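Below: the structure, in structure tokens.
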Amino acid sequence: MSNEESTGKVIGQALTIAPALREGLKLTLFMAMVGQGVTIVTPIVLQQIIDEDILSPGGIDFGSVLSKAAIAVAALIVGIIVGRAALLRLIRSSSIGLSDMRTKTFNHLLRQSVLHVQAERRGNMVSRVTSDITTLQEFMEWGGVSLVVASSQVFLATAVMFLYQWRLALISLVGVFLYLILMRWFQKILQRNYDSVRVEVGQSLGVLSEAITAIPVVRAYGTEAATQEKVAVALEARFRREFRTNWFGNSLFSSAEIFAGMLTTAIVVAGVVIGVNQGMTAGQLIAFFFLTNLLIEPLQIVVETLEFSQSAASGLRRVLEVLQSPVEIEDPDDPESLRADGLSVRFDRVRFAYPTGPDVLTDVSLEIPVGARVAVVGETGSGKTTFAKLLVRLLDPSDGEIRVGGVDLARIPLAELRSRIAFVPQEGFLFDTTVADNVRYGRPEATDAEIFTAFHELDLGDWLSTLPAGLDTVVGERGGNLSAGERQLVALVRSWIASPDLLVLDEATSAVDPALDVALRHAMERLTEGRTAVTIAHRLATAESADAVFVFDRGRLVESGPHRDLLAAGGIYSDLYADWTTGTKSI
Amino acid sequence: MTSTTVEVVSCDFFMQQPELTPTSVLRDGGRLIWRFVRRHPISFSVAVFGAAIYASAIIVASLVIGWVTDTIVIPVLDEGESYTGLLLPAAVAILGVAVIKAVGIVVRRTSAGYLQLRTRQDIRNDLLDHELSLKMAWFNRQSIGDLLAVADSDVDQGTGVLGPLPYATGVILLLVGSLVMITAIDPWIGLGALLGLIIVIVVDIKGSWVTYRLWEVVQEARSKVSSVAHESFDGALTIKSLGREQYVSDHFRVTSDALRDDLIKVNSTWTSYQTVIRALPQAVSIVLIVVGAVRIDAGLLSPGDLVTVAYLLALLAFPIQLIGFVLWDLAGSQAGWKRIEEVFAADDFVGYGDLYATTSGGAAPVLSEKVDFAYEVGVNVLEDLDLDLDAGVTLAVVGPTASGKSTLTRLLARLWDPDSGGIRVDGRDIREFALSELPREVSYVSQEAFLFDDTVAGNIKLGDEFSSDQVETAARLAGAHKFIEDLPDGYETELGERGTTLSGGQRQRIALARALIRKPRVMILDDATSAVDPSVEAEILRSLKSAALPSTIVVVAYRPASIRLADEVVYVDNRTVVAHGTHEELLRTEPGYARLVQAYEDDARRMEQEAS
């Protein structure tokens, strides 16, 4: 598959995804062609006046000169109106189409697990809906418009040339063709240089942004001078590469001016030699000088937008890649609703692996009755968090079945599932707004009074009163104004206020101090009476008071049962517990 | 709804900068250009020289075409004369001019490129130097994303005008030269051309100006889209687990559609002006051709002269469009430069003394006297904090969530300075140390382990000279040696964006090794092992204890096991040190401390009682 073909295919796919792009495109192009007629008015009117008036033996007839000028001006006005209308249509349809594409891509990405599974790729995903679409937009609005304008101009200028003198027109066309080949060749040579510039630019920006991000570390370790040196070296390397490419590109492209001079020379020589025998008029040859320029100028634009169109095409490819990746968690086709009472959980031989990776969870079967409080324990990397994500359907199992309230998890409508099952992850992500608004993410219709009550129910009233503006305290970008522990408190209230029937906590209080942690746990136990609660515990105190404990080790469920039984059995759990008690023993 | 958003944005914008006018853009732009050009006067002069060559070549090219018309085209085609002997000089003239034009382009673009690229390099180096000398208080007020954008896109934008500047100078030369030449050919046509060009330029500048203002609104809308996307993707797990996808999608759609409407507005305006600007020179040409015909009839002008004028106007049409772009670039450069200047204007510098580090002194005593500190004025985080620490002691800092523990460690490492009071290491005020000297005595490890885009060994050495034995010893002590050995290239494994990804606990252990290898006189660990599994953590702390480090150690800890390893404990609550003593003493004398540290034990005991 050649590159050109695949580019065409990609564009076709884009038109299917954003149909607004293609709406009325043919009419738009036709109108653009008419509008571009303005550029050939001058050569024609000049030819007419020179041949029919200035050089006519009878001298100049002003009536005829004025009427020709009047027709030309009228043509100009029509051209302006039609051409403008065409471009406005193009702008409208491309803006609408691309905004649709942006929203579609965003929605698609939001439903992918890559955002929470591979956190380091998030920034990359953001550029799918920002810079990639922006590149497309700019291409459509600047490159695309000039491409339409330029190709209409080439078409019209060529048509007029053929009307005047086809032999000369052919010479021009051959010349233009050679010129285009020459420019393409330059472009290809330069492409390699551009690529190495991009690498150098990326590297220098990487070094620079690392230096800025790491300023606290730089200060703590006194490495200011070394950091400056490292950045200076990277910037110098970038300068050298950019300057060399710049110089090289200038030389290549300016040599095209010489080529344009050669073409004009060829027109003069051929025009005189051929024209004499073919009855070509002086006005026609003069018009050719102008028309030749009209041919070459847009080609320069086209060649310069080639670079542009290539980056637009690769942006488009990346966007399509996102849109064509399957939706991982889909709303069921044959939904089945949960009953109104409490929720039980059942895992039946569940296996999970990422598409290219080894098993993260293997053969997990377990049962949690309605209203039970269970703890899940295990070392880092044992599969606890994956278990939680499967349970709340942030991931789907590779094999096996999960039932909640007796219903296959994959058949519960997502909206219903989210309102009945709450999940509190460890990170405690907060949005850049007030504490109250963050809590409202859990239940949009909650009043301030309800939110206030929720904090008090969880014994967090004292903490709330330490905030400068209480519920109206703005938490900052990613909750940066609060400490990690405080962010977890808000996240906990946020899930709590949705009053779920199944609560899944994934180390949700790991950064909270021990005394507050204990208080919170008691409050939660009081409040979740009768509801099902699954707690992934970093502190085994939670396990001690749970109805049952599930112990994970290297992706398998290895032990399960009440705390006392597991302790007595002397397996992995009793080791973990021994670690924990020595760890928490104060004396 | 969408249109209201647009209006709000534009209102904000105009309120912020009421003084921006085309005149102010030209005036301030001139100053900005002077600032850049002053540093590289030669490359700028050469670029302008190249532009002058280019402009002259265009004028001469149109003269050549006129001359060809009068001496070859009309005599041969219209009057039937022979062309023998005429073609060679014509070809030489046309080609010669083309070569000169090409040379002008190369000279202009290459020197302008040099000027622009060098200026960018200078500014980026200066920015980093400046930022490195500012206080953390300043960084705390910035978003890292904004600072990166300043160093990247704002520098590009701020210097954007330097690229087309020599060309613009050339265009002005070209315009003046053309008018002079046309007037010399025929004063009436010259006058017509002058009037015509003035109209074109006025429309052009007006169009650019209007479009530029709209464009700034678009930029705002664009950054809004980007920040909504960033926040939504960062919080994706939360959004999904709360079932708020639709809400977030709707929010994004509104933002994206606002951008779409702004884009349609700006591009429609731009296109409207462009269509007129492209057609206007043609209208001028047509009028001048009519005038020319009259003058030819009166015998005052040759047909070749008329062709010269028309040809020149055709060649001018494109450069004239660029005058408007320069205004854009000028206004855009000022917007970019404004953000750069805000960074340069920050003068919250860290003050340094002239004290050199004494690395050979062994563990150092640490003293903090009457320290007050607030991140934001009025919200004290630490008040009247005293701490007296003997050399070689291992101190645990314990306190409830948000009591000021981390802040205390940052002050001890001088990442921030106290608002009042002072901190002394081995009797010397830490503000008296010269730049980069204090870190040779005091090492600080935070909870967030920052790793550089470098090898494991590079991350531990951090630019200083250490042998690979020293690196390995430090890694062993930090409990990192085993997993490093298992990495694909051991200590030479590349980390960072393009390298291996490590778990939080592994990252923290490498950061710990980074401090240990330096054998600091004071080592400060702010919850530096929070992501390490408890049993591994206990092992690390035990090996630190038995290694007999030449350091005074301050460690923020929650786990009683870690606290028990410390010689002394301070209990921090309500912004100050409440008690200082051994763990046993504090358990006896400080009920708050006991409650915090024994929370789990108490809880377990209570549960047992309830059970029985």
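Numerical summary
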| read-out | value |
| --- | --- |
| Relative contact order (%) - criterion: Cα under 8 Å, at least six apart; region: chain A | 14 |
| Net charge of neighbours whose Cβ lies under 11 Å from the Cβ of A:THR281, counting Lys and Arg as +1 and Asp and Glu as -1 | -3 |
| Span-rule helices in chain B, defined as complete DSSP H runs reaching 24 Å or more along the axis (Cα) with Kyte mean at least 0.0 | B:41-68, B:87-132, B:165-185, B:187-234, B:245-297, B:303-345 |
| Per residue convex hull volume, Cα atoms of the stretch A:322-386, in Å³ | 148 |
| R0 of 25 Å, Cβ-Cβ distance A:ARG526-A:ALA569: FRET efficiency to nearest 0.05 | 0.25 |
| Label point distance in nm, B:VAL254-A:ARG318, each placed 7 Å from Cα along Cα→Cβ | 2.9 |
| The stretch A:434-587, relative contact order [Cα under 8 Å, separation at least 6], % | 18 |
| Inter-label distance for B:ASN380 and A:TRP142, nm, one decimal - labels placed 7 Å from Cα along Cα-to-Cβ | 5.6 |
| Bins of 20 Å from zero: percent of alpha-carbon pairs in the protein assembly as shown | 10, 33, 30, 17, 9, 2, 0 |
| For the stretch B:54-181, radius of gyration divided by Kirkwood radius, i.e. Rg to Rh on alpha-carbons | 1.34 |
| From phi via Karplus (6.51, -1.76, 1.60), per-residue ³J(HN,Hα) for the stretch A:346-356 in Hz, x at Gly/Pro | 9, 9, 10, 6, 8, 10, 9, 8, 6, x, 10 |
| Vicinal HN-Hα couplings computed from phi for the stretch A:332-338 (Karplus, 6.51 cos²θ - 1.76 cosθ + 1.60; Hz; Gly/Pro x) | x, 6, 10, x, 9, 7, 7 |
| Cα centroid separation, the stretch A:58-128 to the stretch B:375-442 (Å) | 59 |
| Per-pair calculated FRET efficiency, R0 = 30 Å: A:ARG198 and A:SER325 via Cβ, rounded to 0.05 | 0.70 |
| Hull shadow area, averaged, the stretch A:171-237 [alpha-carbon convex hull, nm²] | 5.6 |
| With 5 Å bins from 0: P(r) over the stretch B:464-539, alpha-carbon pairs, percent | 3, 15, 26, 26, 19, 9, 1, 0 |
| Crossing angle, helix A:145-164 versus chain A [Cα axis fit, 0-90 degrees, rounded to tens] | 20 |
| Average Cα contact separation per residue, chain B, under 8 Å, 6 or more apart, as relative contact order % | 15 |
| Rotationally averaged projected area of the stretch B:345-427 (alpha carbon convex hull; nm²) | 7.0 |
| Rg/Rg_ref, the stretch A:123-201, where Rg_ref = 2.2 N^0.38 Å and atoms are Cα | 1.61 |
| Acute angle (nearest 10 degrees) that the helix A:572-584 long axis makes with the longest principal axis of chain A, alpha-carbon atoms | 80 |
| Virtual spin-label span in nm between A:LEU25 and B:LYS519, 7 Å along Cα→Cβ | 7.2 |
| Whole-Å semi-axes of the ellipsoid equivalent to chain A (Cα gyration tensor, √5λ, descending) | 71, 27, 23 |
| Cα gyration tensor shape of chain B, rounded if a/c is under 1.5, else prolate or oblate by comparing a/b with b/c | prolate |
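Read the figures in this text as sums done on the coordinates, not as results from a lab. All figures in this text were calculated on a predicted structure; none of them were measured in a lab. FYI the Cβ positions are ideal-geometry reconstructions off the backbone, even for glycines, and counts take in every protein chain you see.
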